[in-house]
Amino acid sequence: MDTQSQVVDRLRSAFQSGITIPEQFRRAQLTKLVSMIKDNEELILHALHKDLAKPKFEAVLSELDMVTNELHHAIANFTGWMKPEYVSKSLATKFDDCFIRREPLGVVLIIGAWNYPLQLLLLPMVGAIAAGNCVVIKPSEVSAATDALIAELIPKYLSQDCCAVVRGGAEETKALLQNRFDHIFYTGSQTVARSILQAASVHLTPVTLELGGKCPCIIYGRVNIAAAARRLVWAKYFNAGQSCVAPDYVLCTPDILEALLPAVRKALLDFYGEEPQTCPDLSRIVTPRHWSRLMELLGKSSGKVVVGGESNEEDRYIAPTVVVDVAENDALMEEEIFGPILPILTIDSLEQAVDLVNRKEKPLALYVFSDESSVVNTVLETTNSGGFCSNDGIIHMTLPSLPFGGVGGSGWGSYHGRWGFETFSHRRACMLRGYALERFNGLRYPPYREDKLSWLRWTASPKPSCSLM
């Protein structure tokens, strides 16, 4: 078995040979990824269920179909993405060809996460391959079954000279990061992201970070409470709350809270029944360690559990839980929850809600539920977040034409659709000149004179719209 450095060297040699540059090669690799998912759907679903007890419905929507849709979108559009982008010119460059050329970066590293172990690995890989790179992927060892399956399937479908899977835990990842990559794409926690940045700094490697953050959900003004509750419950408890874009906490007025709680209880009953633990549509917490962390957070909270709270360590089960009377400094508000626990804080005004959101780190997503466009627009215009969605949750990230990514502490850079292609491309500024008008160009040569400078400043100015003719 090759060492990590041998794997990277093999891929770098392949990249330098130019094999990944032709459009036909990129298209063939993307098409093979489509086949990989289609041919192995049942194996993938089994692995996801083994890791997280993911219901088939959720796994198909958020893992299989989301990746497949991304692949089809890239296959249909990346030829256009590859074309030179011609730019406006000044009078001095009127007869030059001036354009931006997208070029692959080289050998890139993609480090996936355990909560969506297929999607969060293959979605950025689509952009990397479409852009013409060689790719090393590192699945999360926490989702062990999916990790093993990906390591088995990728070499069967993709070029082993251009794509490789490296497995292992923290030590193996640390060793992998000692190699020089041309870009590192990481999805996960802020803590690990800091370590990745330190490792990347040694080689001055650019990094894309897709992190988390406490995604707020503001419910204010006139609201269709029944519909809002269903959408909130679905977005929050999808994948047992183990989503980086799940609503992390709710801000609402006491009046809305009074109407919201019965609607949430009804939605939970409709979705998961009287005994949620026996419902096949509810995922499990990924490991006992993650289960313990969530239960410790809930135990430290000073809030009041009004829905759920039941748990079973052996089953890695935590019931969909709602906590009220939560203060801003509560334990549940100190870090991203990443589980099926929803704290609700009451506010007296929209301004108070916005101020609370703005006091915290910029979130990966921000949600507002209101039938009043003025409320939605006020939140949109006075806050900052990686993504924004009104009257629903997590849906915005399913659209390939929208960039997905964080801002500040919730991430650097974006991907999905063309945005993934751009992330893994270098935008090379190109100017192709001939020897025409050499006498005109002579204005820039010594000996320098004031009249030459005046002419040059005029020709380089963006203001003139006249031609030389």
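Since every read-out is calculated from the coordinates, none of them should be taken as a lab result. Because the structure is a prediction, the values reported are computed rather than measured. Backbone-built Cβ (ideal geometry, glycine too); neighbour counts: all protein chains shown.
On a per residue basis, the convex hull of the C-alpha atoms belonging to segment 1-158 measures out at 134 Å³.
Across the chain, the longest run free of exposed loop sites, meaning GluC sites (Glu not before Pro) lying outside DSSP classes H, G, I, E and B with no more than 14 other Cβ atoms within 10 Å, spans 1-273. Structural descriptor for segment 215-399: relative contact order 31 percent, calculated from alpha carbon pairs under 8 angstrom and at least 6 residues apart. Going through the cross-link list LYS300/LYS362; LYS236/LYS266; LYS54/LYS236; LYS38/LYS156; LYS214/LYS304, which pairs have a Cα-Cα distance over 18 Å in this structure? LYS300/LYS362; LYS214/LYS304, as the Cα separations exceed 18 Å there. With the charge dipole of the chain set up from +1 on Lys and Arg Cβ and -1 on Asp and Glu Cβ about the Cα centre, the Cα lying farthest toward the positive end among the listed residues VAL368, TYR116, VAL136 is that of VAL136. When both bridge partners sit in the chain, DSSP labels roughly 35% of those beta bridges antiparallel. Note on ARG359 and SER401: the model spin-label points, each 7 Å out from Cα along the C-beta direction, lie 4.0 nm apart. Shape class for segment 225-349: oblate, because the ratio a/c of the largest to smallest gyration tensor axis (alpha-carbon atoms, square roots of eigenvalues) is 1.5 or more and b/c is at least a/b. A cut-off under 11 angstrom between Cβ atoms defines the neighbours of SER140, and their net charge, with Lys, Arg +1 and Asp, Glu -1, is -1.
Each label was represented as a point 7 Å from its Cα along the Cα-to-Cβ direction; for SER349 and TYR435 these points are 7.3 nm apart. Ordering MET1, MET397 from the fewest to the most neighbouring beta carbons within 10 Å gives MET1, MET397. Express as a percent, rounded to the nearest 5, the fraction of DSSP beta bridges in segment 215-399 (both residues included) that run antiparallel. If we restrict to bridges inside segment 215-399, about 20 percent are antiparallel.
Here segment 228-360 is treated with +1 on each Lys and Arg Cβ and -1 on each Asp and Glu Cβ, and its dipole about the Cα centre works out to around 300 debye. Assuming charge only on the beta carbon of Lys and Arg (+1) and of Asp and Glu (-1), the dipole of the chain about its Cα centre is about 2340 debye to the nearest 20. Quick check: Cα centre of segment 368-396 to Cα centre of segment 33-79, how many Å? The distance from the Cα centre of segment 368-396 to that of segment 33-79 comes to 29 Å. Measuring nothing but how far apart in sequence close Cα pairs (under 8 Å, 6+ apart) lie, relative to its length, the chain scores a relative contact order of 19 percent.
Sites listed here are trypsin sites (Lys or Arg not before Pro) in segment 211-315 whose DSSP assignment is loop and whose Cβ has at most 14 other Cβ atoms within 10 Å: ARG222. Among the chymotrypsin sites (Phe, Trp or Tyr not before Pro) in segment 388-436, those placed in a DSSP loop whose Cβ has at most 15 other Cβ atoms within 10 Å are TYR435. Across the options PHE238, ASN358, THR398, the greatest Cα extent toward the positive end of the charge dipole of segment 215-399 (unit charges at beta carbon of Lys, Arg, Asp, Glu) belongs to THR398.
Let me make sure I get this right: for segment 85-231, a, b and c are the square roots of the gyration tensor eigenvalues over alpha carbons, sorted descending. Under 1.5 in a/c it's rounded, otherwise prolate if a/b > b/c, else oblate. Which is it? Oblate, since a/c reaches 1.5 and b/c is not below a/b.
Farthest toward the positive end of the dipole of the chain, out of ALA151, GLN16, LEU297, is the Cα of GLN16, where the dipole comes from beta carbon charges about the Cα centre.
Size descriptors for the chain: radius of gyration and Dmax over Cα atoms are 25.8, 89 Å. Taking square-rooted eigenvalues a ≥ b ≥ c of the alpha carbon gyration tensor, is segment 8-92 rounded, prolate or oblate, where a/c under 1.5 means rounded and, failing that, a/b exceeding b/c means prolate? Prolate, since a/c reaches 1.5 and a/b exceeds b/c.
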